[in-house]
Structures are given as structure tokens and as C-alpha cells.
Amino acid sequence: MTTALSVNVNKIAWLRNARDGDRPDLIQCCRKIIQAGAQGITVHPRSDQRHIRPADVYAVNDLVHELNVEYNIEGNPSVGRLSNGYPGFLELVEDTCPTQCTLVPDNATQLTSDHGWDLSNEVNFECVRTYIRRIHEIGARVSLFLDPEPQMVERARESGADRIELFTGPWCDLVAHGGLTSEYAQQCLAKYVIAASRARELGLQVNAGHDLDLGNVGHFCSQVPVSEVSIGHALVADALAYGLERTVKLYVSAIQDAFDTER
């Protein structure tokens, strides 16, 4: 199988917002990212509008339709309209009808997403199932952000989700501290292999994301077959050294090399 790269452009918008102008130009950066070989764009419009703003969601939507690539909007579906001008997550999704909507259980105070859905909680489960039905009505597929736990994978299938996105942060942390071949990193990676295998058995496709970078994404994809990886922070940071277009090509190559090694 091949793995698609969807580039999360939040940090590009965050840099622009630091001066509240139009540099860097988010849409031109997205265009360069796609031209360099990425298969999609991801945005995570948080309610505090610290990076991606509602206007960006619509502007990126126009671009991905022009270029005929995938569009992934991720976020917490429970966040509604706010006094700061945020229109509500589901309103943004329903207005744009992205290729994929990834539901994430984050809150406004989190620096970044740091855990998956607890679908063993019946309140969470019923809420998620309701959101999935609503999003399916507009024709978008739904992915759930999950920790690598088979029980959560099974509940995701019961909820009606089309995919799961495995939260790779814990494994990436272990790799950063001990290396790819450290005992703890390998033990942790085994959990992802099991979770992904169970998902495929249930008919779910598997995505992955969070803290993946040039040093670990190839290894992860060679061990855990996934349909898509979403990478933002590390890729934008690497672009400061290599340039945006070259960096995207490096990530695409790392992912492709993992696929070739697997074969």
C-alpha cells in the first residue's frame, strides 16, 4: 500500500498571525506544498483562532478544489459559535464539505492534541456517533483521533467512523529519547501494529499523526501500514533549514522509501 502525506499548515498561519499581516501567504504556501508532491492539506481551526482562522478554512477549501487534492479539517466537534467570531467547528465543516473530517477531543487550553477519544465512556460514544452521522450527511468521511488501543478501535467501528488516526506522540517521544531501536520504543510501536491490524480487520482505514518527522516517519510507515500521515510542526520547522518545497519532497521520499522497503 502507499501512504499519502497531508501537510498540516497550522504553524504557517501561526507565523503569519504573529504580525497580523499576510506573510507568509498561507494559500501560496499550500500551493507550493501540493506542487512539491503532498497529497493533501490539513487544517485544525481552534476556537481561540491562534493559527488557522475561519477565513483560512474557506480559502484553503477553494484552493484544494482548484488543485483536486484532499482536504482534511480536524478539531473538536462540540465547539460551537463563540463571541470572538469563531462560527463553530461543525459549521465550518458543513460549509466546506472537506474530503475528511478528523474528530479530536481537544479543548481550548491545550497547547496541542495530546490524547485520543475515550469511547468507553458512553456519553462520549453517543456524542461522537451523532457527530459522525451529521458529517456523513454532507458526504465527508470521518476519522477519529485514537490512542493505539484495540478496545477504542472496536468502539470507533461501532460509532460509524470510516477511519481512525493513531496518535503517534507517545511513540515519537520514546524514539526521541532512546532511538528507533530502543526497547521501550519497540514495545510501544507493537501497540500501533496491533491497533492498526485490528482496524483493518474491522474494515477501517488507518491514518497516523503527531510528532512524526523526517527521522521517524519512514520507520513508522514501514512497520504500521497507514493510508495517510498528517504532519505539520516538524515539517514547517524543517522548512526553515531546507526550504518548503524541498522539505515536502524529503518527506514524500521518506514515506515512499518506507513503502519500497516494505515491498
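The values are calculated or read from the model by the stated rules, or taken from the named source; none is laboratory data. Note that this is a predicted model, so its numbers are computed, not measured. Every residue, glycine among them, receives a Cβ derived from its backbone with ideal geometry; neighbour counts consider all protein chains shown. The protein model used for the area step is the full one, side chains on, heavy atoms only, and it has no ligands, DNA or RNA in it. Shrake-Rupley method; radii C 1.70, N 1.55, O 1.52, S 1.80 Å.
So which residues in the stretch 37-50 are touching a helix residue (DSSP H, G or I) at 6+ places or on another chain (Cβ under 7 Å) and open to solvent by 10 Å² or more (accessible area, probe 1.4 Å)?
We begin by selecting, within the stretch 37-50, every residue touching a helix residue (DSSP H, G or I) at 6+ places or on another chain (Cβ under 7 Å); these are 37-38, 41, 43-45, 50.
Within the stretch 37-50, Gly37, Arg50 qualify.
With the condition kept exactly as written, say whether any residue in the stretch 106-127 is farther than 28 Å from Ile194 by Cβ and in contact with a Gly (Cβ under 7 Å, 6 or more places away or on another chain). Before the answer, list the steps.
Start the filter on the stretch 106-127 by keeping residues that are farther than 28 Å from Ile194 by Cβ, which leaves 107-109, 111.
Right, trim to in contact with a Gly (Cβ under 7 Å, 6 or more places away or on another chain) and you get none.
No.
In the stretch 222-236, which residues are open to solvent by 10 Å² or more (accessible area, probe 1.4 Å), in a helix (DSSP H, G or I) and touching a residue at least 24 places away in the same chain (Cβ under 8 Å)?
Of everything in the stretch 222-236, those that are open to solvent by 10 Å² or more (accessible area, probe 1.4 Å), in a helix (DSSP H, G or I) and touching a residue at least 24 places away in the same chain (Cβ under 8 Å) turn out to be Ser222, Gln223, His233, Val236.
Inside the stretch 16-32, can you point out the residues that are in contact with a helix residue (DSSP H, G or I) (Cβ under 8 Å, 6 or more places away or on another chain) and not in a loop (DSSP other than H, G, I, E, B)?
Of everything in the stretch 16-32, those that are in contact with a helix residue (DSSP H, G or I) (Cβ under 8 Å, 6 or more places away or on another chain) and not in a loop (DSSP other than H, G, I, E, B) turn out to be Arg16, Leu26, Ile27, Cys29, Cys30, Arg31, Lys32.
Within the stretch 138-166, can you find the residues that are part of a loop (DSSP other than H, G, I, E, B) and open to solvent by less than 10 Å² (accessible area, probe 1.4 Å)? Break it down into steps so the answer makes sense when it comes.
Of the residues in the stretch 138-166, the ones part of a loop (DSSP other than H, G, I, E, B) are 138-140, 147-149, 160-162.
Result: Ala140, Ala161.
Looking at the stretch 237-249 only, could you name the residues that are surrounded by fewer than 18 Cβ atoms within 10 Å (Cβ to Cβ) and of a type outside the set (D, E, K, R)? Lay out the reasoning, then the answer.
If we filter the stretch 237-249 for residues that are surrounded by fewer than 18 Cβ atoms within 10 Å (Cβ to Cβ), which is where we start, we get 237, 240-243, 245-246, 249.
Residues satisfying the conditions are Ala237, Leu240, Ala241, Tyr242, Gly243.
Of everything in the stretch 189-215 that's open to solvent by 20 Å² or more (accessible area, probe 1.4 Å), part of a helix (DSSP H, G or I) and in contact (Cβ under 8 Å) with a residue 40 or more places away in the chain, which residue is farthest from Ala241 (Cα to Cα)?
Taking the stretch 189-215 as the starting set, the residues that turn out to be open to solvent by 20 Å² or more (accessible area, probe 1.4 Å) are 190-191, 193-194, 197-198, 200-203, 205, 210-211, 213-215.
Then keep just the ones that are part of a helix (DSSP H, G or I); that gives 190-191, 193-194, 197-198, 200-201.
Narrowing the set further to residues that are in contact (Cβ under 8 Å) with a residue 40 or more places away in the chain leaves 191, 194, 198.
Details: Lys191: 33, Ile194: 36, Arg198: 39 Å.
Filtering the stretch 189-215 for residues that are open to solvent by 20 Å² or more (accessible area, probe 1.4 Å), part of a helix (DSSP H, G or I) and in contact (Cβ under 8 Å) with a residue 40 or more places away in the chain, the one farthest from Ala241 (Cα to Cα) comes out as Arg198.
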